[in-house]
Amino acid sequence: MAAARAGVLGVRWLQKAARNVVPLGARTASHITKDMLPGPYPKTPEEQAAAAKKYNMQVEDYELSPDDGTGYGDCPKLPDRSLQERDPWYDWDHPDLRLNWGEPMHWDLDMYIRNRVDTSPTPVNWNLMCKYLFGFITFMLFTFWVGETYPAYQPVGPKQYPYNSLYLG
């Protein structure tokens, strides 16, 4: 009983000591700041110009996302293109994401990074890919059916004993 009480007191002492060294509310370095969050949906041309300046865009290029209640606010409407489509030989400021400093980021950037959705055109169209896939699956199912219907066994002969079939069993 005394050992358990000492253990609990030791844990409490460690928690109090660690609280002074490492604050429990320490934020991570990747936290989204207030400036990065979208502002309210702009209603006047002056608010649109201020939002375009916030995202380093020209007023002519700044197109608003539709105000359909999804909470995009003043985020610009950018094309739904993955980062895989961008030039790999360009000297990007952030080469892993193929982004430059101050460039407006897509609202769904985490969906369009290079190891996720790829929107680049494929050399083979979708219908042909589906035909090849279903053709392969059909062929494999047919071969499995043939293998189950007509099983093949290894040939087995009588057991051979040395010395004129001497069996010392």
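The values are calculated or read from the model by the stated rules, or taken from the named source; none is laboratory data. Not measured: the values here are computed from a predicted model. With ideal geometry, Cβ positions are generated from the backbone for all residues, glycine too; neighbour counts draw on all protein chains shown.
Remarks
- Of all the residues in the range 67-87, those that are surrounded by 10 or more Cβ atoms within 10 Å (Cβ to Cβ) and part of a loop (DSSP other than H, G, I, E, B) number 13.
- Test: residue in the range 97-106 that is within 30 Å of M57 (Cβ to Cβ), modelled with pLDDT under 90 and in contact with a Ser or Thr (Cβ under 9 Å, 6 or more places away or on another chain): no
- Residue list for the range 89-102, filter: part of a loop (DSSP other than H, G, I, E, B) and exposed (fewer than 14 other Cβ atoms within 10 Å of the Cβ): W89, Y90, D91, D93, P95, D96, N100, W101, G102
Residue by residue, here is whether (1) more than 18 Å from P38 (Cα to Cα); (2) touching a Cys at 6+ places or on another chain (Cβ under 6 Å); (3) of a type in the set (D, E) holds:
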{"residue": "D67", "(1), (2), (3)": "no, no, yes"}
{"residue": "P76", "(1), (2), (3)": "no, no, no"}
{"residue": "D93", "(1), (2), (3)": "yes, no, yes"}
{"residue": "L97", "(1), (2), (3)": "yes, no, no"}
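- Test for T122: is it at pLDDT 95 or above and farther than 27 Å from C75 by Cβ: no
- The range 144-169, subset surrounded by 10 or more Cβ atoms within 10 Å (Cβ to Cβ) and of a type outside the set (A, V, I, L, M, F, W, C), residue modelled with the highest pLDDT: G147
- D118 closer than 30 Å to T44 by Cα, part of a loop (DSSP other than H, G, I, E, B) and touching a helix residue (DSSP H, G or I) at 6+ places or on another chain (Cβ under 8 Å): no
- The range 37-50, residues that are modelled with pLDDT under 90 and either within 20 Å of P79 (Cβ to Cβ) or in a helix (DSSP H, G or I) (or both): P38
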